[in-house]
1. Output the Cα-based Rg and Dmax of the chain in Å, rounding Rg to one decimal and Dmax to a whole number.
2. Compute for the stretch 51-122: radius of gyration divided by Kirkwood radius, i.e. Rg/Rh, restricted to C-alpha atoms, rounded to two decimals.
3. Based on the mean of other Cβ atoms within 10 Å per residue, sort peptides 63-73, 117-127, 30-40 so the most packed one is first.
4. First select every other residue whose beta carbon is under 12 angstrom from the beta carbon of residue 33; then total the charges, Lys and Arg +1, Asp and Glu -1.
5. To the nearest 20 Debye, how big is the dipole of the chain about its Cα centre, given +1 on the beta carbon of each Lys and Arg and -1 on that of each Asp and Glu?
6. Can you compute the helix-only [θ] at 222 nm over the chain? Use -39500 (n - 2.57) per DSSP H run of at least 4 residues, normalise by all residues, nearest 500 deg cm²/dmol.
7. Among the lysines, which have Cα under 18 Å from the Cα of residue 108 when same-chain residues fewer than 8 positions away are ignored?
Amino acid sequence: MSERNDNATRPTEVPVEEFLASVEDERRRAEGQRLLEIFRRATGVEPVMWGPTIVGFGSKHYTTSSGREGDWPIVGFSPRKAQLSLYGLQNSYAPEPEPLLAELGPHKTGVGCLYVRRLDKVDEQVLERLVREAWDEGGR
């Protein structure tokens, strides 16, 4: 028997541009705008705010090994204060990201997340390929 997840991170009606304009740190705000361009180009779709801080593209239903279920963006990002959080680029539906991650530049990984401190230190073409490949796999 599965348990429905009461995940608070759900799509909202807040305009993405409004959220990005509200990012206090000037560099993070600019990086958020740049990520928006990259993710739009790689996915070909318009984003939706997921919760108060995640810019998400598409939606994928998931079930965890414990039976919890929920929905999450196929790919997305959040320009957080300490670092940029990039979602869906190295998870179960992203195809073999390790070779591309080696070419990306400075980053850290977590469960389903990739963390970048400065966008200007990574290879944007590699980042776009990561987004596109994760999008293509995640949308199936």
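1. Just the Cα atoms of the chain yield Rg and Dmax of 14.5, 47 Å.
2. Reported Rg/Rh (Cα atoms, Kirkwood Rh): 0.98.
3. 30-40, 117-127, 63-73
4. Result for the neighbourhood of residue 33: +1.
5. 280 debye
6. -10000 deg cm²/dmol
7. 81, 121
Computed from the coordinates by the stated procedures, all read-outs in this text should not be read as laboratory data. Treat the numbers as computed from the prediction; the structure is a model and nothing was measured. Cβ atoms come from the backbone with ideal geometry, glycine included; neighbour counts cover every protein chain shown.
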